[in-house]
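Peer 1: Take a look at the following structure, please.
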Amino acid sequence: GGGGSSAGGGGAAACPGTFCDGFERTALGPDWTLDNSIPTNKIELVSDKGHNSASSVHITLGTASGSTFISETKTFPAPGNVIWGRAWVYTMVPLTAHQVYVEARNAESKTGVRSINTGVNGQDAVLGVNLENGDAGKTSKIAMKMGAWVCWEWQITGIGGMGDFTSWADGELIGTITKAAIPAVTRERIGMQRFGTGPTAGEMWIDDVAFGPARLNCN
């Protein structure tokens, strides 16, 4: 945890963007909705593991394929059709086939701007970027780090037109998709979508999320 649920943070560190959340409370609240297609998967706030303080979002995942995310729409429409995001994530999720962790999309199918993935181009163990419509993707040499807090950052430009998107892990470039048709996305979601059945269950924690019109950095 750390920071508040909106700019300013209620006495915590100032929000570097337009919407920040350190999850320092007992209920997720109206800024987020649960985007969970698997009823047995669990999304909760916990007070025993956080990035800067004790609280964070905890997601417990079974082995089924499907989506389990927290989703926000507060940052849309994005000024200038540009959005930057940041999240600290601690994952203990087995890597199997294609898995999406950060995605912007709207209500229509085939609209995912997938900023943080594993399993792009068949590379299960490393991070990549992927555009759902047409399945354009790039992989990095950055391994998905398990058992430690990692700062993910991402940027999308040209929302609703031609644009690009880029992502980073702990400041290291994951990849960029350029000159792409960027859907008119209306929400950002963080968690995990698994496209194949996993061999074992897993869990992850999300903390210190921020969105804004410029880079938010990892501090």
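Peer 1: Could you work out the pair-distance distribution P(r) of region 39-152 from its alpha-carbon pairs, with 10 angstrom bin width and percents rounded to whole numbers?
Peer 2: Spelled out bin by bin, region 39-152 gives 12, 40, 39, 9, 0 percent.
Peer 1: Evaluate the Kirkwood expression for the hydrodynamic radius of the chain, namely the inverse of the mean inverse distance over all pairs of different C-alpha atoms, and round to one decimal in Å. The partial results should precede the final answer.
Peer 2: Values: mean 1/r = 0.0589 Å⁻¹.
For the chain, inverting the mean 1/r across all distinct Cα pairs yields 17.0 Å.
Peer 1: Counting only protein heavy atoms, what percent of the accessible surface of region 137-190 is carbon or sulfur at a 1.4 Å probe?
Peer 2: Accessible surface attributable to carbon and sulfur in region 137-190 totals 54 percent.
Peer 1: For D31 and T63, what is the calculated FRET efficiency with R₀ set at 30 Å and r taken between the beta-carbons, to the nearest 0.05?
Peer 2: Working: r = 30 Å, r/R0 = 1.00.
Efficiency computed from Cβ-Cβ geometry: 0.50.
Peer 1: Another one. Give me a comma-separated list of calculated 3J(HN,Hα) values for region 127-136, in order, Karplus coefficients 6.51, -1.76, 1.60 applied at θ = phi - 60°, integers in Hz, x for any Gly or Pro.
Peer 2: The phi angles translate into 7, x, 10, 7, 9, 4, 6, x, 6, 4 Hz.
Peer 1: Taking all protein chains together and a probe of 1.4 Å, list K74, K49 from the most accessible to the least accessible. Please list the in-between numbers first.
Peer 2: Working: K74 105, K49 55 Å².
Largest accessible area first, the residues go K74, K49.
Peer 1: How much accessible area per residue does the chain have, counting only protein heavy atoms and a probe of 1.4 Å, in square angstrom?
Peer 2: On the way: 8880 Å² over 219 residues.
Computed with neighbouring chains in place, this is 41 Å² per residue.
Peer 1: Let me ask something else about it. Enumerate by residue number the trypsin sites (Lys or Arg not before Pro) in region 179-219 meeting two conditions: DSSP loop (anything except H, G, I, E, B), and at most 16 other Cβ atoms within 10 Å of the site's Cβ. Don't skip to the end; give the middle numbers.
Peer 2: Values: sites: K179, R187, R189, R194, R215; in loops: R215.
Taking region 179-219 and a limit of 16 other Cβ atoms within 10 Å, the loop trypsin sites (Lys or Arg not before Pro) found are R215.
Peer 1: Right, another one. Need the full-extension length gain, N133 to A54, defined as separation in residues times 0.36 nm minus the C-alpha distance. One decimal, nm.
Peer 2: Details: separation 79, 0.36 × 79 = 28.44 nm, distance 3.86 nm.
My answer for the length gained is 24.6 nm.
Peer 1: Would you kindly calculate the translational diffusion coefficient of region 98-141, applying Stokes-Einstein with the Kirkwood radius from alpha carbon pairs, for 20 °C and a viscosity of 1.002 mPa s, and quote it in µm² s⁻¹ without decimals?
Peer 2: Values: Rh = 10.2 Å.
Stokes-Einstein gives a translational diffusion coefficient of 210 µm²/s.
Peer 1: For labels at A201 and T178 in the simple 7 Å Cα→Cβ model, what's the distance in nm?
Peer 2: Going by the 7 Å Cα→Cβ label model, 4.5 nm.
Peer 1: Okay, moving on. Nearest 0.05, what FRET efficiency do K145 and R215 give at R0 = 35 Å with Cβ-Cβ as r? Intermediate values should be presented prior to the final figure.
Peer 2: On the way: r = 21 Å, r/R0 = 0.60.
Working from the Cβ atoms, E equals 0.95.
Peer 1: For region 38-95, which semi-axes, largest first and in whole Å, follow from the square roots of 5 times the eigenvalues of its Cα gyration tensor? Could the numbers behind the result be given before it?
Peer 2: Details: eigenvalues 120, 61, 25 Å².
Taking √(5λ) for each Cα gyration eigenvalue gives 24, 17, 11 Å.
Peer 1: Count the lysine pairs in the chain whose Cα atoms sit under 27 Å apart, keeping only pairs 8 or more residues apart in sequence or on different chains.
Peer 2: 12
The values are calculated or read from the model by the stated rules, or taken from the named source; none is laboratory data. Nothing here was measured: the structure is a model prediction, and the numbers come from that model. Don't worry about glycine lacking a Cβ; one is built from the backbone with ideal geometry, like all the others, and counts go over all protein chains shown. Calculation scope for accessible area: heavy atoms of the full protein, side chains included, ligands and nucleic acids excluded. Shrake-Rupley method; radii C 1.70, N 1.55, O 1.52, S 1.80 Å.
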